[in-house]
Amino acid sequence: MAMSDLSAVLDGEVLTSGDPGYDEARTVWNAMVDRHPSMVVRCRSVHDVVAAIAAARSDGLEIGVRCGGHSVVGHAVPDRGMMIDLTPMGEVVVDAERRRARVQGGALLGALDLAAQQHGLSCDNVESFEVVTAAGDVLRASERENPDLFWGLRGGGGNFGIVTEFEFRLHPVGTQALVVEHDFTSDHGGSALRAWRELSATAPRAATFTAFVLGGLVTLGYVWVGDPEEGRALLPAFDTIGTPTEKRVTDMSYVELQQRDDTVDGHAFRRYWKGHYFTELPDDLIDAMLEGSAAPGLVPAASLQAYGGAIADVPDDATAFSQRSTAFEFVTAARWTDPAEDTARIAAARAYAATLDAYASGAYVNALNDEGLAGVRRAYPAAKLARLTALKDTYDPDNVFRLNQNIPPSGKD
Ligand SMILES: Cc1cc2nc3c(=O)[nH]c(=O)nc-3n(C[C@H](O)[C@H](O)[C@H](O)COP(=O)(O)OP(=O)(O)OC[C@H]3O[C@@H](n4cnc5c(N)ncnc54)[C@H](O)[C@@H]3O)c2cc1C
């Protein structure tokens, strides 16, 4: 389809190289991603999404779907393909009485937070989706309508279609949050991390335990969502994990907490991530993590975030999202500015993560980088991957939606 024909049927517009807004649309969070779509289709309606998919398929253009552009590997941006840009579809409508939010496919979490405040895994709180499939059908997926697709969309990434609307269940969480951070030197980091691990197993579920390691130095803490006074009640127990060099206890609003990493300068860095899931944190894993962090070279920062709580409440087979028995999610995250350092930085992150491979039970799909099918196999156990592959065969047998952590249709891997 000629570009002018596509433009004529759209509520939105088509941008190509040189148009105002084109460079802005192709720029995403990771500064390493510098690809040039042959066109950006700025969609303003479900009708636009249907028309864009049809045009891309008839012209053989690879599709990338842009919402927030925060995928670390930059899956939103296809080189010489069609970017289906959902950012003009960013409306959030909250029904406070029914505790429901209808969120368009291009909305950022910040827009939802401003309109409401939500809690728990997003995918566990979706009531229904509106989806445009590769064939151009507009479907609803919920427990009652297309339940197989509903299962796959909750954790299966962008493999089955373009979501144009999410209906979320909302939960009361109050307006406040408390962030606790204690810094430890490398001498005391190991013993503190062991004590932090023990406390995390018994702490109230409103506390999400966090750890950050850089150059062997350790910051341990927790994030409390809810009444800050109740969060402070955990401080005496937390003080027993060791003697820090510095303590920070910060009150903030829930919205500020959600936007904490969302700084403008954060968008200027080149990035590489590598993640693991751990079902437990044995002493030798802690030692390996700290030794690797303190090694000379460009070893990046690493973090641990405790799972459990509301994540573990849901049976593992209820959604495509997997490995709910994970105790801690690990991510090592490199960031730098000089392109000449790309190879060395990426190699250092991979090497550090590889020292912990033996302890890993898998990885979170959103923390995967450029691992391809091997990474997808780390994200989903074999039985889930088989079910996801069957869904892919039904909803996207030609693998139109492949610029993602891709689940290939049968026989195409
Ligand atoms: C600083 C930072 C912190 C993060 N923290 C967390 C965290 O705490 N928890 C967590 O789960 N993740 C976290 N992530 C990962 C992030 O949630 C994922 O990378 C997510 O996919 C980003 O969504 P996006 O809309 O920005 O995606 P984009 O980069 O726009 O797109 C990512 C992928 O999703 C597809 N896609 C986008 N929109 C749609 C749609 N409407 N329908 C179908 N497919 C679509 C695209 O094709 C692409 O494959 C974090 C990322 C960053 C940068």
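The values are calculated or read from the model by the stated rules, or taken from the named source; none is laboratory data. The structure presented is a predicted model; accordingly, all values stated were derived computationally and were not measured. Every residue, glycine as well, gets a Cβ built from its backbone with ideal geometry; the counts of neighbours run over all protein chains shown. When the accessible area is computed, the model is the full protein with side chains, heavy atoms only, and any ligands, DNA or RNA have been set aside. Shrake-Rupley method; radii C 1.70, N 1.55, O 1.52, S 1.80 Å.
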Would you please put 18-31, 215-228, 36-49 in order of how densely packed they are, using the mean number of other Cβ atoms within 10 angstrom per residue and starting with the highest?
36-49, 215-228, 18-31
In a shell of Cβ-Cβ distance under 12 Å around Arg350, excluding Arg350 itself, what net charge do Lys and Arg (+1) and Asp and Glu (-1) give?
-1
Take each of the peptides 347-360, 392-405, average the number of other beta-carbon atoms within 10 Å over its residues, and list them starting from the highest.
392-405, 347-360
With an 8 Å Cα cut-off and a minimum separation of 6 or more residues, compute the relative contact order for the chain in percent.
16
Calculate the dipole size of segment 92-172 relative to its Cα centre from +1 charges on Lys and Arg beta carbons and -1 charges on Asp and Glu beta carbons; express the result in debye to the nearest 20.
140
Can you tell which of Asp313, Asp85, Asp239 shows the greatest fluctuation in a Gaussian network model of the chain with Cα springs below 10 Å?
Asp313
Please list the equivalent ellipsoid semi-axes of segment 3-85, computed as the square roots of five times the alpha-carbon gyration tensor eigenvalues, in descending order and whole angstrom.
20, 12, 12
For segment 258-339, report the convex hull volume of the alpha-carbon atoms normalised per residue, in Å³, without decimals.
133
Between Thr355 and Arg377, what is 0.36 nm times their sequence separation minus the Cα-Cα distance? Round to one decimal in nm.
6.0 nm
Once the convex hull of the C-alpha atoms of the chain is built, how many Å³ does it hold per residue, rounded to a whole number?
142
How high is the FRET efficiency between Phe269 and Asp393 when r is their beta carbon distance and R₀ equals 30 Å, given to the nearest 0.05?
0.20
Please give the helix 342-354 orientation as an angle from the longest Cα principal axis of the chain, in degrees from 0 to 90, rounded to the nearest 10.
60
Quick numbers on segment 92-172, Rg and Dmax over C-alpha atoms in Å, give 12.3, 39
Pick out which of Val94, Val73, Val365 has the largest mean-square fluctuation in a Gaussian network model of the chain, springs linking Cα atoms closer than 10 Å.
Val94
Could you tell me the calculated FRET efficiency between Leu214 and Ser253, based on Cβ-Cβ distance and R0 = 35 angstrom, to the nearest 0.05?
0.80
Under the 0.36 nm per residue contour assumption, what length would be gained going from the current alpha-carbon distance of Asp284 and Glu24 to full extension?
89.0 nm
If R₀ is 45 angstrom, what is the calculated FRET efficiency for the pair Ala347 and Glu97, using the beta carbon separation as r and rounding to 0.05?
0.25
Is it possible to state the helix-based mean residue ellipticity at 222 nm for the chain, with each DSSP H run of 4+ residues giving -39500 (n - 2.57), the sum divided by total residues, to the nearest 500 deg cm²/dmol? What is it?
-8500 deg cm²/dmol
Label model pair Ala201, Leu235: point-to-point distance (7 angstrom along the Cα→beta-carbon line) in nm is 2.7
Post the alpha-carbon centroid distance, segment 26-90 to segment 228-269, in whole angstrom.
35
Accessible surface of the chain [probe 1.4 Å, protein heavy atoms]: carbon and sulfur percent
52
For Leu385, what is the net charge nearby, where nearby means another residue's Cβ is under 11 Å from its Cβ and Lys, Arg count +1, Asp, Glu -1?
+4
Accessible area in square angstrom per residue, segment 176-373, 1.4 angstrom probe
45
If Lys and Arg each add +1 and Asp and Glu each add -1, what is the summed charge of the other residues whose beta carbon sits under 15 Å from the beta carbon of Thr319?
-2
Could you tell me how many degrees, from 0 to 90 and to the nearest 10, lie between the Cα long axis of helix 382-395 and the main elongation axis, the longest principal axis, of the Cα atoms of the chain?
20
Take Asp137, project a point 7 Å from its Cα along the Cβ direction, then tell me which residues of segment 148-164 have their backbone nitrogen under 12 Å from it.
148-149
How are the alpha carbon pair distances in segment 141-181 distributed across 5 Å bins from zero to the largest one, expressed in percent?
5, 16, 22, 17, 8, 11, 12, 8, 2
Rounded to a whole number of µm²/s, how large is the Stokes-Einstein D of segment 176-373 at 4 °C and 1.567 mPa s, given Rh as the Kirkwood radius over C-alpha pairs?
73
